[in-house]
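The values are calculated or read from the model by the stated rules, or taken from the named source; none is laboratory data. Quick caveat: nothing in here was measured; it's all calculated off a predicted structure. All Cβ positions, glycine included, derive from the backbone under ideal geometry; neighbour counts span all protein chains shown. Calculation scope for accessible area: heavy atoms of the full protein, side chains included, ligands and nucleic acids excluded. Shrake-Rupley method; radii C 1.70, N 1.55, O 1.52, S 1.80 Å.
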Amino acid sequence: MRLAEFGVTVRFALLAVVWGASFLFIKVGLGGLSPGQVALGRVALGALALAGILLVRRRPLPRDPVLWGHLAAVSVLLCVVPFLLFSWAEQYISSGLASIFNATTPLVTMLLAAAALPEERFTPPRVLGLLLGFAGVLTIVGVWDGVDVSHQLTAQLACLGATTCYGACFVYLRRFVSPRGTDPVVVAFGQTASATVILGLLTPAIAATPVHLSLPVVASMLALGVFGTGIAYAWNTRIIAAWGAANASAVTYLTPVVGVLLGVLVLGEPVSWNQPAGALLVVLGILAAHGRLRVRRKSEPELVRS
């Protein structure tokens, strides 16, 4: 394996670990911070990390006010709302379960893209993928136990609301931002910086509670912000450039595995059978939607001539 290829592989593995561990970091951060403070802290630290990368690379910031307007909209859909929802949800559900729900993002994106983008119409593989993914979500929730309107169910719905925001944002990015050809790291900085400003303005309403800092809380927030919300964007950009978007998206299959394992090993979180089973259905749905589930037909035996 060449050195450059090895470097990309290492980044891919680190990306899976960092994004999978993000839900663990959120859970630990909630030990001393409110959900609003966790969301604000991660975007502020992420913006600082990305600003450092831009300074090292000497990349100028865009001056187009229209582009900044789009980046502000992206920040709401990709950072402000989902980060608040996931942080709030993890007060009531495990970090591993939140990471499993996050894996539904590609399927939600595909559903919204089919509705908003003419070129992303439904195909039989995509329909099959959506059906498998929907079955996976029902399995994770455990609908056979009935619908119990509690904080736990509301938290699971909040996670799905967050992934819906992600899906809507990816469609928005493709339609309004990607055609401009802006550097992805510049886009990432613009959205995290905009999110920092928005959440900062909302601080009196969502993040004004007392702060109780400890070493685990501070370390988790640094890891969540600097790596999970900052440097990870730069890693993902390099991976996409080297392997292509389709192969780079395979990190989605690994993040829930990392999230569940860390939740069990570090926090001692319980895992019921339906959670990994539902996650498997979701992953199968993603594979099916991308045409990677193909049933090979057995070739007919050749007739032996006598």
Just a yes or no: is a residue in segment 118-136 within 27 Å of ALA205 (Cβ to Cβ), open to solvent by less than 20 Å² (accessible area, probe 1.4 Å) and touching a residue at least 60 places away in the same chain (Cβ under 8 Å)? no
With segment 168-224 as the region, which helices (runs of 4 or more DSSP H) entirely inside it contain at least 3 residues that are open to solvent by less than 80 Å² (accessible area, probe 1.4 Å) and in contact with a helix residue (DSSP H, G or I) (Cβ under 7 Å, 6 or more places away or on another chain)? 184-201, 215-222
Could you tell me how many of the residues in segment 49-83 are closer than 22 Å to ALA168 by Cβ, free of Cβ contacts under 8 Å to residues at least 60 places away in the same chain and of a type outside the set (Gly, Ala, Ser)? 1
From LEU84, LEU138, LEU77, which residue is at pLDDT below 85 and not hydroxyl-bearing (Ser, Thr, Tyr)? LEU138
Test: residue in segment 58-75 that is over 19 Å from the mean Cα position of the chain (by Cα) and under 28 Å from SER214 (Cβ atoms): no
